[in-house]
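Heads up, the thing below is written out as structure tokens.
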Amino acid sequence: MNPTDTGLLVVDVQDRLLAVQPDEKRIVWNIRRLLDGARILGVRAAATEQYPEKLGPTSSILAERIDDPAVSKLAFSCADCSTIFEPWRAAGIHRVLVCGIETHVCVQQTVLDLLSTGMQVLVASDAVGSRYATDHEIALRRMETSGAIITTTEAALFEWCRVAGTAEFKSISALAKEELGVR
């Protein structure tokens, strides 16, 4: 991954869905760090919301870090959200780092559909979650065996950064050193 060929997709991180996540704080913390890193390094980021009329908006701490409003959807997969993917493809973005909830529903269906379009898809395993651990683990395995690359928040941040010794590296390094619950 590099900042010019990768988009960060935040899938359905809405307060009502977050409320049932056993790892809610970890998920939000890691997605927030990914969004902060994306901003530092110029990675495009977008968010979706599943049926926001019933499930509410994107968590405010994340929404304030995304330039464009979240795209509302009813389908579980985000792959048909043309307002996200058409501009990304036009800009040469052929990789997508996916984070969000729930791993085994909207995240997994999005990943599988994006893979079928020829995009390279990565999943930040520590920035996705499901209510039940077994759903989370099986979905990560299924996505990986289908061709997705499983990574972590910190690995993605440093992969985007690429080199040490820059102001961006210093900022990314600070994000990596944060402890859960900071900010």
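Just a few scattered comments:
- Among Val163, Val43, Val96, residue whose mean-square fluctuation peaks in a GNM of the chain (springs only between Cα atoms under 10 Å): Val163
- Listed cross-link partners Lys25/Lys177; Lys73/Lys170; Lys25/Lys170 are compared with a 27 Å cut-off, the Cα-Cα value being larger for Lys73/Lys170.
- Dipole of the chain, positive end: most advanced residue of Thr110, Leu122, Cys81 [Cβ charges, Cα centre]: Leu122
- The chain - percent relative contact order, Cα under 8 Å, separation 6 or more: 28 percent
- When volume of the Cα convex hull per residue in Å³ is calculated for this entry, the matching label among (i) 103; (ii) 112; (iii) 137 is (i).
- Counting only protein heavy atoms and a 1.4 Å probe, the chain has 47 square angstrom of accessible area per residue.
- Helix content alone sets the calculated 222 nm mean residue ellipticity of the chain: runs of n ≥ 4 DSSP H residues at -39500 (n - 2.57) each, divided across all residues, give -12500 deg cm²/dmol.
- Nearest-0.05 FRET efficiency for Ile61 and Thr166, computed from C-beta distance (R0 30 Å): 0.65
- Sparse-neighbour loop sites [GluC sites (Glu not before Pro); the range 1-101; at most 16 other C-beta within 10 Å; DSSP]: Glu64
- Nearest-20 debye value, the range 23-129 charge dipole, Cβ charges on Lys, Arg, Asp, Glu: 280 debye
- Sparsely packed GluC sites (Glu not before Pro) within the range 87-183, loop by DSSP, other Cβ within 10 Å at most 10: Glu179
- In a reduced charge model with +1 at each Lys and Arg Cβ and -1 at each Asp and Glu Cβ, the chain shows a dipole moment near 260 debye about its Cα centre.
The values are calculated or read from the model by the stated rules, or taken from the named source; none is laboratory data. Note that the structure is a prediction, hence the values are computed from the model and not measured. FYI the Cβ positions are ideal-geometry reconstructions off the backbone, even for glycines, and counts take in every protein chain you see. Note: areas computed on protein heavy atoms with side chains; ligands, DNA, RNA excluded. Shrake-Rupley method; radii C 1.70, N 1.55, O 1.52, S 1.80 Å.
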